[in-house]
Ligand SMILES: Cc1cc2nc3c(=O)[nH]c(=O)nc-3n(C[C@H](O)[C@H](O)[C@H](O)COP(=O)(O)O)c2cc1C
């Protein structure tokens, strides 16, 4: 799939069949995260790929629908790096697009995971000084999500001046 097509067709997918995802595909997705732009090339990230069903089931605390993901990628960031939020965001978007390109559905789960960061860090053995920025459930889609209303290009594109 072409980059622009992946970008245009990406939607948050929150229903999955529960099928497992081949390890090679998960590596391709994480590799896309690894290659993201990163402030001063610090690359302050570690991506924890969870495929164990019992561990994935624990993530339902942040959303029952996550239980049927084929895998969940936890994005762990080092907040010592000045640009850790921007870097993490770039890596997450790359991984969402790579998931689409491989034919999977995925979702950026941050708001629902943040209140449970402590619990999830313990579950995954994440060191105290690191941040668990987001979870990315990935799976074979069991829904065609509708496109949420997006602002029109003419509204957000200003030429030359604000
Ligand atoms: C920073 C951020 C946090 C998000 N957190 C959640 C979340 O906790 N749970 C969830 O279901 N979706 C979450 N999303 C997905 C958004 O709800 C979704 O991207 C938005 O509604 C637009 O839909 P689309 O991704 O299909 O274009 C998050 C997205 C971003 C960028």
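Here are the numbers for this structure:
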read-out	value
Every pair of residues 6+ apart whose Cβ atoms lie under 9 Å, when the first sits in the range 111-128 and is at positive phi while the second is at pLDDT 95 or above and not in a helix (DSSP H, G or I)	125/48
Meets criteria (assigned to a helix (DSSP H, G or I) and more than 16 Å from the ligand (Cβ to nearest atom)) for residue 87	no
Conditions (1) closer than 22 Å to residue 4 by Cα; (2) part of a loop (DSSP other than H, G, I, E, B): number failed by residue 96	(2)
Residues that are in contact with a strand residue (DSSP E or B) (Cβ under 8 Å, 6 or more places away or on another chain) and either within 11 Å of the ligand (Cβ to nearest atom) or under 23 Å from residue 86 (Cα atoms) (or both), drawn from the range 98-123	99, 100, 105, 106, 107, 108, 109, 110, 113, 117, 120, 121
Test: residue 71 is within 16 Å of the ligand (Cβ to nearest atom), under 15 Å from residue 29 (Cα atoms), within 15 Å of the chain's Cα centre (by Cα) and at pLDDT 95 or above	no
Boolean, residue 135 is more than 14 Å from the chain's Cα centre (by Cα), outside any loop (DSSP other than H, G, I, E, B) and at pLDDT 95 or above	no
Number of positions in the range 78-100 that are under 16 Å from residue 46 (Cβ atoms) and surrounded by 22 or more Cβ atoms within 10 Å (Cβ to Cβ)	5
Residue among 80, 140 that alone is touching a strand residue (DSSP E or B) at 6+ places or on another chain (Cβ under 8 Å) and in contact (Cβ under 8 Å) with a residue 12 or more places away in the chain	140
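The values are calculated or read from the model by the stated rules, or taken from the named source; none is laboratory data. Everything numeric in this text was worked out from a predicted model, so none of it was measured. Neighbour counts are summed over all protein chains in view; Cβ atoms, including those assigned to glycine, are modelled from backbone coordinates with ideal geometry.
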